[in-house]
Amino acid sequence: EKVQRYNAEMSFIYRMLNLGTVSLSAEYVYLKGNVGENSTVSYFILDGLTLGRNLLWTLSGQIAVTQFLQLAVQYQGRALQGHPVIHTGTVTLNAVF
């Protein structure tokens, strides 16, 4: 089994002094090969992506709510050729003491 991978990535990070960070990243991946997509081996070879066009993006932010509390928010999306878009998000509140 052989897979050729072509990808392009971009990222943007904005830091706010004493407040937090916002970051955005996006990756376009094109996979070309001769593997069957319905096996465990091909899932690992393709990194969970599908043959053809794949688009992955992440938007995250971390903000200091108070001196002792930090709020982190993350949103991830995946658009795989032939599949519906997958959206995932997390919110975390951390106490620093």
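In whole Hz, with x marking every Gly and Pro, tabulate ³J(HN,Hα) for the stretch 29-34 from phi via Karplus 6.51 cos²θ - 1.76 cosθ + 1.60, θ = phi - 60°.
Ordered by residue, 3J(HN,Hα) equals 10, 10, 10, 10, x, 10 Hz.
Per DSSP H run of n ≥ 4, the term is -39500 (n - 2.57); total these for the chain, divide by its residue number, and report the mean residue ellipticity at 222 nm rounded to 500 deg cm²/dmol.
About -1500 deg cm²/dmol.
Run through the stretch 1-88 and list the chymotrypsin sites (Phe, Trp or Tyr not before Pro) located in a DSSP loop whose Cβ has at most 13 other Cβ atoms within 10 Å.
Phe68
At 1.4 Å probe size, with every protein chain present, just tell me what the per residue accessible area of the chain comes to in Å².
74
Might you report the magnitude of the Cβ-based charge dipole of the chain about its Cα centre, with Lys and Arg at +1 and Asp and Glu at -1, to the nearest 20 debye?
Taking the Cα centre of the chain as origin, the dipole is about 120 debye.
For the chain, what does the relative contact order come out to in percent, with C-alpha contacts under 8 Å and a separation of six or more?
Result for the chain is 23 percent.
Tell me, what HN-Hα J-couplings in whole Hz come from the Karplus equation 6.51 cos²θ - 1.76 cosθ + 1.60 at θ = phi - 60° for each residue of the stretch 45-51, using x for Gly and Pro?
Whole-Hz 3J(HN,Hα) from phi for the stretch 45-51: 5, 8, 6, x, 9, 10, 5.
Given points 7 Å out from each Cα along the Cα-Cβ axis, report the His83 to Ile63 separation in nanometres with one decimal.
3.2
Read through the labelled values [x] 41; [y] 51; [z] 32 and report the label of the one computed as percent of Cα pairs over 20 Å apart from the structure.
[y]
The values are calculated or read from the model by the stated rules, or taken from the named source; none is laboratory data. None of the values given here were measured: they were computed from a predicted structure. Quick reminder, even Gly has a Cβ in these numbers, built from the backbone with ideal geometry, and neighbours come from all protein chains shown. We work out accessible area using only protein heavy atoms, side chains counted, and drop any ligands, DNA or RNA first. Shrake-Rupley method; radii C 1.70, N 1.55, O 1.52, S 1.80 Å.
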